[in-house]
Structure formats: C-alpha cells, structure tokens
1. Could you give the length gained by full extension between Glu62 and Asp19, i.e. 0.36 nm per residue of separation minus their alpha carbon distance, to one decimal place?
2. Along the charge dipole of the chain, pointing to its positive end and built from +1/-1 on Cβ of Lys, Arg, Asp and Glu, which listed residue (Gln30, Leu58, Leu18) has its Cα farthest out?
3. Report, in degrees rounded to the nearest 10, the 0 to 90 angle that the Cα long axis of helix 2-74 makes with the longest principal axis of the chain.
4. Considering only Glu62, Glu52, Glu26, give the residue with the highest GNM mean-square fluctuation for the chain, with springs between Cα atoms whenever their separation is below 10 Å.
5. Given +1 on the Cβ of Lys and Arg, -1 on the Cβ of Asp and Glu, and no further charges, what dipole in debye does the stretch 14-66 carry about its Cα centre, rounded to the nearest 20?
6. Compare the Cα positions of Gln70, Met47, Ile3 along the charge dipole of the chain (+1 at Cβ of Lys, Arg; -1 at Cβ of Asp, Glu; about the Cα centre) and return the one farthest towards the positive end.
Amino acid sequence: MEIKDETVDQIKIKDETLDQMEIKDETLDQMEIKEVTLDQMEIKDEMVDQMEIKDETLDQMEIKDETLDQMEIKE
C-alpha cells in the first residue's frame, strides 16, 4: 500500500510539473506576441519617419516655388 501511495504522489508531482511546463509555454507565447507588437511599433515608427521626410520634401518644394516666384518678380 505504501508503494502505491508513493506512486500516486509521484504521479501528482509529474502532473504539477506538466502544469508548470504549460504555464511556461503560455509565457513564451506571450513573449512572442510582445515581440511581434514591438516589431509593429518599429514599423509604425519607420512610417512616421518617412512621413516626416515627405513633409520636409514638401517644405523644400514650397521653398523652390517661392524662389521661382521671386525670380519671376525680378524679371
């Protein structure tokens, strides 16, 4: 009876270990989700940078346009 009782205890311990492994697996999944979210944030940041560059380019185009206007006035 004692040996069977110990075996049942060992089975319980194995079951707890399996539960902990599942929790670790879920934690890893959450870490992967966080990593994907970080990647998406970096992509958004790059898009914002590109938008700023486009905005600067537009500003430069406006400056060129003003310069052309001034040249026309000089003529």
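1. 9.0 nm
2. Of Gln30, Leu58, Leu18, it is Leu18.
3. 0
4. Comparing Glu62, Glu52, Glu26 in the GNM, the peak value goes to Glu62.
5. 100
6. My answer, from the dipole projection, is Ile3.
Taken together, the values in this text are just the output of simple stated rules run on the coordinates, not laboratory data. Every value quoted in this text rests on a predicted model; they were computed, and no experiment measured them. In this analysis, Cβ positions are derived from the backbone assuming ideal geometry, glycine residues included, and neighbour counts consider all displayed protein chains.
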